[in-house]
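Comments concern the structure below.
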């Protein structure tokens, strides 16, 4: 008794690769921007800390580059337009509002200041 092995053509080769490339491009397009160097040639360490907090805590809802998603757009000056007074933005981050969680019990004041400055000065 002999068994015949039938092979099927592979599925997803080029299509799977194209989908992977598109997903990678989308991820890169919304990557969190780097903190630019200051006059001394080094990035502001508070903004660097704010970037890390933003990536870990905020980007999932507001998008890596602040383009919005489940949460509103913050980039391109949108957050400054929505909160001309930085204290109002700090209050929202600290206490939460609508669907946004309160970060005051998770982040300390310096961390909240860092992430707020990052959204205002870099995004």
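Residue 35 satisfies every condition listed in (1) surrounded by 11 or more Cβ atoms within 10 Å (Cβ to Cβ); (2) in contact with a strand residue (DSSP E or B) (Cβ under 6 Å, 6 or more places away or on another chain); (3) more than 13 Å from residue 119 (Cα to Cα) except (3).
Taking the criterion of being surrounded by fewer than 17 Cβ atoms within 10 Å (Cβ to Cβ), closer than 18 Å to residue 123 by Cα and either under 19 Å from the mean Cα position of the chain (by Cα) or in contact (Cβ under 8 Å) with a residue 40 or more places away in the chain (or both), the only residue of the range 82-112 that qualifies is 82. Filter the range 65-81 down to residues that are over 22 Å from residue 34 (Cβ atoms) and at pLDDT 95 or above and give me whichever is nearest to the chain's Cα centre (by Cα). Among those that are over 22 Å from residue 34 (Cβ atoms) and at pLDDT 95 or above, it is 72. The set of residues from the range 64-81 being free of Cβ contacts under 8 Å to residues at least 12 places away in the same chain and closer than 17 Å to residue 101 by Cα comprises 68, 69, 72, 73.
Scanning the range 66-84 for residues that are under 18 Å from residue 114 (Cβ atoms) and not in a helix (DSSP H, G or I) yields 66, 74, 75, 83.
The values are calculated or read from the model by the stated rules, or taken from the named source; none is laboratory data. Just so it is clear, the structure is predicted and the values come from calculations on it, not from any experiment. Using ideal geometry, Cβ is built from the backbone for each residue, glycine included, and neighbour counts are taken over all protein chains shown.
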